[in-house]
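J.: The structure follows.
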Amino acid sequence: TLNQIIHRYSMNIGIVISQTEPETVWNAFRFANFSLGREHKVRTFLMGKGVECVDIVSEEFPVLDEINKYVESNGEIFACGTCLVSRKREGTPICPMSSMKDLMEIVEKSDRLLTF
């Protein structure tokens, strides 16, 4: 069927998150998790305020639950090193300090690029 043909085509999806608004970040990671479930490769780059998304606390929009599910499903997260340093933060194993080179690679290798 057409649905099986579409499902067989695996895309490289890049997601850039540059904010900390709970509902938006929650939806970005929900979409990322849905995409991984459809067997697409997903890489997420955090920049600007986005590097703070792991600190979002919201009962209504459990961002950290979606981030944990994403990482457990082999989704990749990169965080802008300059953005981390300007906030006196460090990279982590889950969210390594990255560079514009990493962002460019995500852009170049993505079939689709979404920004939140």
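J.: Looking at the stretch 90-116, which of its residues are part of a loop (DSSP other than H, G, I, E, B), open to solvent by less than 70 Å² (accessible area, probe 1.4 Å) and closer than 26 Å to Ser10 by Cβ?
T.: Answer for the stretch 90-116, where residues must be part of a loop (DSSP other than H, G, I, E, B), open to solvent by less than 70 Å² (accessible area, probe 1.4 Å) and closer than 26 Å to Ser10 by Cβ: Cys95, Pro96, Ser110, Asp111, Phe116.
J.: Give the stretch 69-89 a look and list any residue that's of a type in the set (A, V, I, L, M, F, W, C) and in a helix (DSSP H, G or I), or say none. Break it down into steps so the answer makes sense when it comes.
T.: Taking the stretch 69-89 and keeping what is of a type in the set (A, V, I, L, M, F, W, C), we get 71, 77-80, 83-85.
Selection gives Val71, Cys83, Leu84, Val85.
J.: Being acidic (Asp, Glu), part of a loop (DSSP other than H, G, I, E, B) and modelled with pLDDT of 95 or more: is that true of Glu66 here?
T.: The answer is no for Glu66.
J.: I've got another one for you. Which of the residues belonging to the stretch 70-85 are open to solvent by 50 Å² or more (accessible area, probe 1.4 Å) and either hydrophobic (A, V, I, L, M, F, W, C) or under 10 Å from the mean Cα position of the chain (by Cα) (or both)?
T.: Here is the first cut: in the stretch 70-85, the residues open to solvent by 50 Å² or more (accessible area, probe 1.4 Å) are 72-74, 76, 82, 85.
Within the stretch 70-85, Glu76, Val85 qualify.
For (1) open to solvent by less than 60 Å² (accessible area, probe 1.4 Å); (2) more than 10 Å from the chain's Cα centre (by Cα), each residue gets a yes or a no:
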site: Val16; (1), (2): yes, no
site: Asn33; (1), (2): yes, no
site: Arg38; (1), (2): no, yes
site: Arg43; (1), (2): yes, no
site: Pro62; (1), (2): yes, yes
site: Asn68; (1), (2): no, yes
site: Lys88; (1), (2): no, yes
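The values are calculated or read from the model by the stated rules, or taken from the named source; none is laboratory data. These numbers were taken from a predicted model, which means no experiment stands behind them. Cβ sites come from the backbone with ideal geometry, for glycine too, and all protein chains shown count toward neighbours. Quick note on the areas: whole protein, heavy atoms, side chains included, nothing else; ligands and nucleic acids left out. Shrake-Rupley method; radii C 1.70, N 1.55, O 1.52, S 1.80 Å.
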